[in-house]
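Okay, so here's the structure we're looking at.
The values are calculated or read from the model by the stated rules, or taken from the named source; none is laboratory data. Note that the coordinates shown come from a computational prediction; the quantities given were computed from them, not determined experimentally. Note: ideal-geometry Cβ built from the backbone for every residue, glycine included; neighbour counts use all protein chains shown. These accessible areas exclude ligands, DNA and RNA; they are computed on the full protein's heavy atoms, side chains included. Shrake-Rupley method; radii C 1.70, N 1.55, O 1.52, S 1.80 Å.
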Amino acid sequence: MSRALHDCVVVGGGAVGAATALGLARAGRRVALVERNARPAFTEETPVTRVTTLNAASMNLLDDLGVRSAIMTRRTHAFHGMEVWDAHSAARIRFDADELGVPALGWTVELIVLEASLWEAMEAEGVELFPGTGWRAVDWRSDRVDLYLNDERCLSGRLILAADGGESRLRHQAGIGVRRNPYRMSGVVATVRTRFPHEDTAWQRFNDEEIVAFLPLSDGRSSIVWSMPDYAAGEVLALGDAEFSERLDQSFGGRLGGIMGADPRFVFPLVGRQANDYVRGRLVLLGDAAHTIHPLAGQGLNLGFGDVRALLEALPQGAGSDPASARSLRTYTRARRVENEIMLRSMEGLRWLFGSKAPVAMHARAAGVQQVDRTAWMKHFFALRALGLN
Ligand SMILES: Cc1cc2nc3c(=O)[nH]c(=O)nc-3n(C[C@H](O)[C@H](O)[C@H](O)COP(=O)(O)OP(=O)(O)OC[C@H]3O[C@@H](n4cnc5c(N)ncnc54)[C@H](O)[C@@H]3O)c2cc1C
C-alpha cells in the first residue's frame, strides 16, 4: 500500500472543502483533497441548477483566495435590492445598496461555478486532488490521522478537515454528536422566467408555512427557493409545468406578474444541525459538516466560508509548524461555534414568527417589519449582519 504524508487532508470537495484546501495550500501547506464525486466542471452550456447567494464577507474571502474574478465572469450577478414581505399584512421591508452605501447587497452564484473555479485554482496551487474517490477506514493516531482510500492508497495528515456535508461520515466516525432539528420541511429549487423583470432584487415572501424566495440571475431569469412542509413538496413536484407555475405564483403573491416558464425542479430536505464540537484531536469540522440552517436568509454557505476564514487565521503560520496545535484549534472553535449558534437560533425564531398564525405573532411581525423599514439605524444593522460585515 502506498502512503503519503501531508500537512492537511481535506475530505469533501464542495465549496467549503475546496476553499479550505486552496487557502491552506496558499499558506504553504502540503494538502490533499478527497472527493467522492467526479471533478466539477463548468462551461457556458452548463444548465443553471443550484444557486446560492453570497454576502460581501464571502466575496472578500474568494478575493483573498484569488478566485473572485474567475467567478465574476461566469454568470455571477451582483444584486442591489432586497425586499421581504408577509402575505398577511401590508408590512414590507426594502433594502437598497445605494441607500446603505454598499456596492451590492449580495451576489447570486451557481454552486457549480464556485466549485469548478475553486478546483481549477487548487490544481494550479498544487493541491493533490482525489476526485471520484471514497474512503473505507480512518485511524486516529497521536501524531497524524491515516485515511484509507477505497483503492490501495493511504493518505496521512497531521490535520484532517471534514467538509463532507451535513451527514458527515468523518464526524460520525470521530464520535462527535450533533443536535438535530428536523424542520419537516423541504426546499424546492428551480429556475423560472417571470413576466416582469426581476428589478435586480432578491424577493422573499412569507406565506404561512411556505417561504418563497426569487433570486435574480444575470440572464434575467430568477432562481427560486421555495420551502414548504414535506407533504406539500411531494404534491408540488408532481405538478405539470403550467400547474407548478400557477401554484408558485400564488405563493409569491404574483409580485413579478406571473411565471412564464420553469426549468426542472429539485428538492432538498431541510434540517437544522449543530455539531457538539467542531474539533476532536486532529480533526476539524467545517461548513455543513459542522452546522446546517434553514435557507430562509441564505446564510448556510456564508457561515461555511466564515469557518474557512476563521480556520485560516487561527492556524499557526509557517509551513513546518504542526497545523493541529490545540491552541489554534481552540481559537477556531471559539470564533465559530457561538457565531453559528446565534444564526441558527435566529433563523429558527424567524421561521416560528413568520409561520405562526397566532394573532400576537402576526401583530408582532407586522409591527416589527414596519419599524425596521422606517428606522435607518435598524435597517443598517440588519443589512450589515446579512452582508457578513458586522
Ligand atoms: C435549498 C437550499 C438553498 C440554499 N441557499 C443558500 C444561499 O442562498 N446562501 C447560502 O449561503 N447558503 C445556502 N444554502 C446552504 C448551502 O448550499 C450549503 O451550506 C453549502 O453548499 C455547504 O457546502 P459544504 O461544502 O459545506 O457541503 P456540501 O456542498 O454538501 O459538500 C460536501 C462534499 O463532500 C463530499 N462528500 C461527502 N461524503 C464524502 C465522503 N465520504 N468521501 C468523500 N467526499 C465526500 C460530497 O460529495 C460533497 O461534494 C442553501 C441550501 C439549500 C438546501
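A compact table of results
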| read-out | value |
| --- | --- |
| Coarse-grained scattering of the range 72-111 at q = 0.18, 0.29, 0.31, 0.34 Å⁻¹, given as base-10 log I(q)/I(0) from a Debye sum over alpha-carbon atoms | -0.62, -0.91, -0.96, -1.05 |
| Under-5 Å amide H pairs with HIS6, H placed in peptide plane, nonlocal only | SER156, GLY157, ARG158 |
| Crossing angle, helix 241-252 versus the chain [Cα axis fit, 0-90 degrees, rounded to tens] | 80 degrees |
| Residue-by-residue Karplus 3J(HN,Hα) for the range 253-259, coefficients 6.51, -1.76, 1.60, Hz, glycine and proline x | x, x, 4, 10, x, x, 9 |
| Computed helical MRE - 222 nm, the chain, DSSP H runs ≥ 4 contributing -39500 (n - 2.57), nearest 500 | -11000 deg cm²/dmol |
| Residues whose placed amide H lies under 5 Å from that of VAL51, excluding near-sequence neighbours | LEU111 |
| Calculated from backbone phi, Karplus (6.51, -1.76, 1.60) coupling profile of the range 31-42 in Hz, x at Gly/Pro | 10, 10, 10, 10, 9, 6, 8, 5, 4, x, 9, 10 |
| The chain - percent relative contact order, Cα under 8 Å, separation 6 or more | 21 percent |
| Relative contact order [Cα under 8 Å, 6+ residues apart], the range 54-97, whole percent | 24 percent |
| Nearest-ten-degree value, helix 111-124 long axis tilted from longest Cα axis of the chain | 20 degrees |
| Estimated distance in nm for a label pair at GLN250 and THR73, the labels positioned 7 Å out from Cα along Cα-to-Cβ | 4.6 nm |
| Share of carbon and sulfur in the accessible heavy-atom surface of the chain [1.4 Å probe, %] | 53 percent |
| In order through the range 56-69: 3J(HN,Hα) via Karplus (6.51 cos²θ - 1.76 cosθ + 1.60), integer Hz, x for Gly, Pro | 5, 4, 5, 5, 5, 4, 5, 5, 4, 7, x, 10, 4, 5 |
| Check: the range 231-337 dipole with +1 on Lys, Arg Cβ and -1 on Asp, Glu Cβ, in debye | 840 debye |
| Contour excess over end-to-end distance, with Cα ends at ASP64 and ARG184 and 0.36 nm allotted per residue | 39.4 nm |
| Computed lengthening from GLU348 to ALA326, 0.36 nm per intervening residue step minus Cα-Cα distance | 4.7 nm |
| The range 244-305: relative contact order as a whole-number percent, Cα under 8 Å and 6+ apart | 24 percent |
| Point-charge dipole on Cβ atoms (K/R +1, D/E -1) for the chain, about Cα centre, debye to 20 | 1220 debye |
| DSSP-assigned coil residues among trypsin sites (Lys or Arg not before Pro) in the range 193-275, each with at most 13 further Cβ atoms within 10 Å | ARG195 |
| Other-chain or far-sequence residues with amide H under 5 Å of ALA202's (modelled H) | GLY81, MET82, GLU83 |
| Low-density loop positions, GluC sites (Glu not before Pro), the range 43-129 - DSSP coil, at most 13 other Cβ in 10 Å | GLU44, GLU45 |
| Long-range tail of P(r) for the range 173-254 (Cα pairs > 14 Å, %) | 66 percent |
